[in-house]
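**Student:** Can you read through this structure? Questions will come right after.
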Amino acid sequence: MLDRDAPTYLAAYARMLVAAAQQLPALMDAYRTGGGVGWAQYGSDMSEGQEFGNRPTFINALAEWFGSIPDVHERLSGGARMADVGSGGGWTSISLAKAYPALMVDGFDLDVSAVERARANAASEGVADRVQFHATSPADADHGDGYDLVTAFECIHDMPQPVPVLRAMREMAGSDGTVIVMDENVQPEFVAPGDEIERLMYGFSTLVCLPDGMSHEGSVGTGTVMRPSTFEGYARDAGFSGVEILPIDGGFWRFYRLS
Ligand SMILES: C[S@@+](CC[C@H](N)C(=O)[O-])C[C@H]1O[C@@H](n2cnc3c(N)ncnc32)[C@H](O)[C@@H]1O
């Protein structure tokens, strides 16, 4: 529980819970008025808690999961360009760059403090020459000749407007690239009383993700419990014609491949 590299590491979640508890008055206001509580307002315990809560899974399991997708594995092994949207503390980009020594990665995130931490993490892991982080929306960046792989890890449900971001991801991948989204492994439909993953995700949703999403004008208000049918609707609105659920046993997470 206290070894920050172990898959069982839990201390980071205590930081997230404290950060959310400190916002309870603002959260109650948001639910009463239909407003929100922005990610930045939760402070560094939330942003760093998120980074270090997910990091053990990414450094231990992500390369194996991508290695199980044969065509993607082959393409990444041959020296590819990857864009990682909503890259947070950077551990998805860094873990894949370490697994594939010829891979070049651009990470994009709107949270400036997360981008700064991600840059420092890439430097300390010795991959800063191949992994760059940008504090900008992917929609505003110049993508050169496009990317072989475009990913979004656990962030589509956070976005107030997921469709324009998915549309930008489709353009970044062009006709030849692959788009993979990892998000919460919730049930296709709610059935009371909900399993443990549903309960945990509703906890995150009411305390963090939904109020964060709702803090932006015109939000679609997804929340953490993004069901596959909701995601498929966003993907189709963004111009994708196919959504495949990959056969990866990702625990909390489900992997979608978009075509
Ligand atoms: C829950 S965190 C996930 C971070 C990281 N992918 C991970 O799995 O640990 C969601 C991230 O998405 C970022 N984000 C939200 N909307 C975004 C957008 N439109 N473009 C880029 N990043 C965005 C947030 O700043 C935040 O860092």
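Yes/no per residue for (1) loosely packed, with under 15 Cβ neighbours inside 10 Å; (2) under 19 Å from the mean Cα position of the chain (by Cα); (3) under 17 Å from Asp148 (Cβ atoms):
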residue	(1), (2), (3)
Gly36	no, no, no
Tyr42	no, yes, no
Glu64	yes, yes, no
Glu116	yes, yes, no
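**Student:** Could you list, in sequence order, all residues of region 207-253 that are surrounded by fewer than 16 Cβ atoms within 10 Å (Cβ to Cβ) and assigned to a helix (DSSP H, G or I)?
**Tutor:** Once the filter is applied, which keeps residues that are surrounded by fewer than 16 Cβ atoms within 10 Å (Cβ to Cβ) and assigned to a helix (DSSP H, G or I), region 207-253 yields Ser229, Gly233, Arg236, Asp237.
**Student:** For region 63-137, give me every one of the strands (runs of 3 or more DSSP E) that falls completely inside it and has 1 or more residues that are of a type in the set (D, E, K, R) and within 19 Å of Val179 (Cα to Cα).
**Tutor:** Counting at least 1 such residues, we get 81-85, 104-108.
**Student:** Another question, then. Considering each of Gln161, Gln132 in turn, give the residue that is more than 19 Å from Tyr234 (Cα to Cα) and not acidic (Asp, Glu).
**Tutor:** Gln132
**Student:** Restricting to region 118-159, name every residue that is more than 27 Å from Leu210 (Cβ to Cβ), out of contact with any helix residue (DSSP H, G or I) (no Cβ under 6 Å at 6 or more places or on another chain) and among the acidic types (Asp, Glu).
**Tutor:** Asp129, Asp142, Asp145
**Student:** Same structure again: If you go through region 121-134 one residue at a time, do you hit one that is of a type outside the set (Asp, Glu) and in contact (Cβ under 8 Å) with a residue 60 or more places away in the chain?
**Tutor:** Within region 121-134, none of the residues are of a type outside the set (Asp, Glu) and in contact (Cβ under 8 Å) with a residue 60 or more places away in the chain.
**Student:** Given the conditions (1) polar (S, T, N, Q); (2) in contact with a helix residue (DSSP H, G or I) (Cβ under 7 Å, 6 or more places away or on another chain); (3) farther than 27 Å from Ile59 by Cβ, which single one is not true for Thr178?
**Tutor:** Failed condition: (3).
**Student:** Which residue, of Ser113, Ser93, is hydroxyl-bearing (Ser, Thr, Tyr), out of contact with any His (no Cβ under 9 Å at 6 or more places or on another chain), within 13 Å of the ligand (Cβ to nearest atom) and at pLDDT 95 or above?
**Tutor:** Criteria check complete, one pass: Ser93.
The values are calculated or read from the model by the stated rules, or taken from the named source; none is laboratory data. For clarity, every value in this text was computed on a predicted model and none was experimentally measured. Counting neighbours? That spans all protein chains shown, and the Cβs are built from the backbone with ideal geometry, glycine included.
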